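Inspection log for the structure reproduced underneath, given as structure tokens.
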Amino acid sequence: MVTDLPRYDLHFHSTASDGVLPPAELLDRAHARDIKVLALTDHDTLEGYDQLRHQPMRGAVLVPGIELTALWEGRVVHIVGLNFCPDNLALRAYLAELIRIREERAQKIMSRLIKAGVDEAVFELAQSYAQEGTIGRPHFARAMVAKGCVSSEQAAFKQYLGTGKTGDVKVSWPDMARAVSVLTEAGGVAVLAHPTKYKMTFTKIRSMVQAFSECGGEAIEVSYTGITPSHQADLERLARSMDLMTSAGSDFHSPGQGWTDIGKFPPPISTESNILHAILSSVRN
Ligand code: AMP
Ligand code: MN
Ligand code: MN
Ligand code: MN
């Protein structure tokens, strides 16, 4: 077993989804920060990973990664997948379905925004921002800022796109159990992303993690940008009590978020359960 963990980041985004840096720039940024194990986890797409997989890694390990949008008890949750076979056909077909859902949802988001008085030109601009990847609410937020509808992306979420707002269109994302099974059947590990970011009580978080574990999920994120030390300790305790591995990543999207960067997140307190051990041993074998 590895005792000293290398520098790593198992959760960040590129222009293939709602990040603002292209995959190749993220790779340079990771090298500059001496990150040795990295997983690009774009929302519902492997486009960015496909661009990087044949690049020279200069001593680093690129782990196949993704962040799948799913539902648990009708709420949107994010399932990070790591270390799966990127050519698995069932996984690729599943992703094609998610892209279709995203495109249909984008049309619905725009109809709702227009009804709320937002300039129609926002749609074309949002689509142009998403040109290289899967369209999501952050593209609408950026377009609304550029068109002067709101003063910041945060304000766009607060007024129009955030949970319960008019642009938060409910669509039938696949259930969490399906996301977990598609990842595990592709030989990967399912990781419940940022459990404290779903506006749930800790009791609810515990039942979500329990359900996730029962359907084959093997790890939860315990450290990410913005987590408080006490929430981190709670999650590490929860992982231990349910015998789950732990994962961590910056969830970096943009250099405009000056408070975070690739490889930057509070170090997990306990290292024995870190998913990195499992990942590195599978890479070495
Ligand atoms: P989507 O995948 O289209 O549903 O959009 C979700 C993404 O929007 C998340 O992955 C974040 O990157 C971003 N996001 C969610 N909530 C906020 C918020 N309140 N402010 C800024 N960005 C947000
Ligand atoms: Mn995002
Ligand atoms: Mn997420
Ligand atoms: Mn993310």
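With respect to the conditions (1) touching a Lys or Arg at 6+ places or on another chain (Cβ under 9 Å); (2) without any contact (Cβ under 8 Å) to a residue 60 or more places away in the chain, S213 falls short on a single one, namely (1).
Of the residues that sit in the range 16-37 and are more than 16 Å from ligand 1 (Cβ to nearest atom), farther than 15 Å from V63 by Cβ and not small (G, A, S), which one is surrounded by the most Cβ atoms within 10 Å (Cβ to Cβ)? Show your work before the answer.
Of the range 16-37, the ones more than 16 Å from ligand 1 (Cβ to nearest atom) are 22-25, 27-37.
Filter once more, keeping what is farther than 15 Å from V63 by Cβ: 22, 24-25, 28-29, 31-34.
Narrowing further to those that are not small (G, A, S): 22, 25, 28-29, 31, 33-34.
On the way: P22: 17, E25: 14, D28: 12, R29: 19, H31: 16, R33: 14, D34: 11.
Looking at residues that are more than 16 Å from ligand 1 (Cβ to nearest atom), farther than 15 Å from V63 by Cβ and not small (G, A, S), I get R29.
The numbered conditions (1) assigned to a helix (DSSP H, G or I); (2) within 20 Å of the chain's Cα centre (by Cα); (3) not β-branched (V, I, T) are all true for A155 except (2).
Among the listed residues L91, L113, L40, which satisfies the condition of being more than 16 Å from ligand 1 (Cβ to nearest atom) and either within 20 Å of the chain's Cα centre (by Cα) or under 30 Å from K165 (Cα atoms) (or both)? Talk me through it step by step, then tell me what you get.
On the way: L113 fails: more than 16 Å from ligand 1 (Cβ to nearest atom); L40 fails: more than 16 Å from ligand 1 (Cβ to nearest atom).
The unique qualifying residue is L91.
Among the numbered conditions (1) in contact (Cβ under 8 Å) with a residue 60 or more places away in the chain; (2) within 28 Å of A177 (Cβ to Cβ), the only one that L40 does not meet is (1). Among residues of the range 124-146 that are more than 17 Å from K108 (Cβ to Cβ), those with a Cβ under 7 angstrom from a residue that is among the basic types (K, R), sequence gap 6+ or separate chain, pair up as L125/K147; Y129/R142.
The helices (runs of 4 or more DSSP H) falling completely within the range 166-285 that include 2 or more residues that are of a type outside the set (D, E, K, R) and either at pLDDT below 95 or surrounded by fewer than 14 Cβ atoms within 10 Å (Cβ to Cβ) (or both) map to 202-214, 229-241, 275-284. What number of residues in the range 148-184 are within 26 Å of L235 (Cα to Cα) and touching a residue at least 12 places away in the same chain (Cβ under 8 Å)? The number of residues fulfilling the criteria is 13.
The values are calculated or read from the model by the stated rules, or taken from the named source; none is laboratory data. Just so it is clear, the model here is predicted, and its values are computed rather than measured. All Cβ positions, even for glycine, are placed from backbone atoms using ideal geometry, and neighbour counts span all protein chains on display.
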